[in-house]
């Protein structure tokens, strides 16, 4: 009995018989069956590695602003970070100290190139470029009209429960600003 026949027999008794089709041994189809079985194993490993990577990515998740530890003062802020195929998708909903609401989002590869903002971005920026500095640090630049107007970093703590976002730059009125925002992962 060859390996494929043994595998087919064992899967019938292991509970996988519904997920893995029964393979009959024949000299003609054995190569094709073996290739199909290997393709299934390969695809399952790709899917499971992607799930594991998303679960271990320190940046991915919902982050709430700790208003007591952050400057400038804001009433609330929620930052949702999701994985995209080669980078991140970030959505921010904040209420500033004066009660105005600010919402913006972007999807950027981690290549430092500018990607457009949707909504009202900080410093009046129209695009953002993000790079991975280390396994827990992102650095970024903000552009307005093709000119860099701000830069900063987002550092996630070793336990992945706290994130610190620092930025400095010039707003659309020419006023220099800086901020330190502390977030807690939900």
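The values are calculated or read from the model by the stated rules, or taken from the named source; none is laboratory data. For clarity, every value in this text was computed on a predicted model and none was experimentally measured. FYI the Cβ positions are ideal-geometry reconstructions off the backbone, even for glycines, and counts take in every protein chain you see.
Filtering region 166-186 to residues that are closer than 14 Å to residue 150 by Cβ, touching a residue at least 40 places away in the same chain (Cβ under 8 Å) and under 21 Å from the mean Cα position of the chain (by Cα) leaves 167, 181. When restricted to residues that are part of a strand (DSSP E or B) and at negative phi, region 102-128 contains 14.
Among the residues making up region 75-95, those that are surrounded by fewer than 14 Cβ atoms within 10 Å (Cβ to Cβ) and in a strand (DSSP E or B) are 76, 84. Among the residues here, residue 108 does not qualify as surrounded by fewer than 15 Cβ atoms within 10 Å (Cβ to Cβ) and assigned by TED's automatic domain parsing to the domain that holds residue 128. Within 21 Å of residue 78 (Cβ to Cβ), assigned by TED's automatic domain parsing to the domain that holds residue 79 and either touching a residue at least 24 places away in the same chain (Cβ under 8 Å) or over 18 Å from the mean Cα position of the chain (by Cα) (or both): does that describe residue 138? The answer is yes for residue 138.
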